[in-house]
Amino acid sequence: MRTIVYFLFLFLGILINSQKAGKIIYANMNSKEENGILYYDNEQSLFITKNKESETSVRKISDGSIVYPVNTIDSIANKTKFVLFDNQEKSFFNNIINNDVETILKDKAQVSWAFIDENKNILSFACKKAVGEYNGKKYIAWYTKQISNSYGPLKINGLDGLILEVFSEDNSLHWIAEKIINQGNENEICKFISKYDFNQAVSREEYKKILDSQLKEFEDKINVNLPERNRIRLKKDCSDCNKK
């Protein structure tokens, strides 16, 4: 009997580790009304979130950009936010929406990980701990080698197993897996990304220029009916640097 049980667990372990594609639903512990979904296969992963339809006011989001949506529930600001990871190219692609303009950003930044000798279970999966740094912020991740794909939420990946929980040291971000579905999702990924032309993606440096242009456009909208003395300057121009 013990032999049968042993080989049963061995078979399940092999089956999980050989999993080529799957879907994980994550809970956003900082926003109970928002979930994230990670679709993955051996070639890529796709992490998607969706803004609440009620969020149509001007707001700053986690990537540092500012959204200026129109006052309707079908505003572009309510489009699905996504992060696509190309496993072969080791590149991230994500959409950023400002002033009702959608831009695709291409990024190659990777997390630098250090491994911690701690263990715990998440959804019955044995997980190990790692601490990493990305864009100047520290993250704690719990990952499982039982699912060997090297993916995770947002742009947090690069471990030798799939991340089931990740949170930032300042608690501004916290995602944890609440359901794992081991099934093929290649069609879901292909169907989603077919809507975009990733050859038009821009670098982070190029996006800063786009953001400056969008900021100037928004500044002009604010000032269009204001007298010169009352006009608002959102960004100081270098030509003013030597003026008193």
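The values are calculated or read from the model by the stated rules, or taken from the named source; none is laboratory data. If you're wondering where the values come from, they're calculated on a predicted model, not measured in any experiment. Because the Cβ atoms are built from the backbone with ideal geometry, glycine has one as well, and the counts that use them run over all protein chains shown. What goes into the accessible areas is simple: the full protein's heavy atoms, side chains included, and nothing from ligands, DNA or RNA. Shrake-Rupley method; radii C 1.70, N 1.55, O 1.52, S 1.80 Å.
Some values worked out for this structure:
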| quantity | calculated |
| --- | --- |
| Any chance K106 is within 30 Å of F218 (Cα to Cα), open to solvent by 20 Å² or more (accessible area, probe 1.4 Å) and either free of Cβ contacts under 8 Å to residues at least 24 places away in the same chain or assigned to a strand (DSSP E or B) (or both) | yes |
| Meets criteria (open to solvent by 30 Å² or more (accessible area, probe 1.4 Å) and within 18 Å of the chain's Cα centre (by Cα)) for F218 | no |
| Selected residue (criterion: farthest from R204 (Cα to Cα)) from residues of the stretch 132-151 that are hydrophobic (A, V, I, L, M, F, W, C) and crowded, with 18+ Cβ neighbours inside 10 Å | I147 |
| Condition met for F192 (touching a residue at least 24 places away in the same chain (Cβ under 8 Å) and within 24 Å of K108 (Cβ to Cβ)) | yes |
| Matching option when the condition is touching a residue at least 12 places away in the same chain (Cβ under 8 Å) and in contact with a His (Cβ under 9 Å, 6 or more places away or on another chain), among V166, V131, V101 | V166 |
| Single match in F115, F192, F167, F85 (criterion: part of a helix (DSSP H, G or I) and either at pLDDT 95 or above or open to solvent by 20 Å² or more (accessible area, probe 1.4 Å) (or both)) | F192 |
| Residue match in the stretch 91-103 (condition: part of a strand (DSSP E or B), open to solvent by less than 30 Å² (accessible area, probe 1.4 Å) and among the acidic types (D, E)) | no |
| The lone exception for N30 - which of (1) under 16 Å from N182 (Cα atoms); (2) part of a loop (DSSP other than H, G, I, E, B); (3) modelled with pLDDT of 85 or more it fails | (1) |
| Top-ranked residue in the stretch 152-163 [being open to solvent by less than 10 Å² (accessible area, probe 1.4 Å) and over 14 Å from the mean Cα position of the chain (by Cα); ranked as nearest to A130 (Cα to Cα)] | L159 |
| S172 vs. criteria surrounded by fewer than 17 Cβ atoms within 10 Å (Cβ to Cβ) and at pLDDT 75 or above | yes |
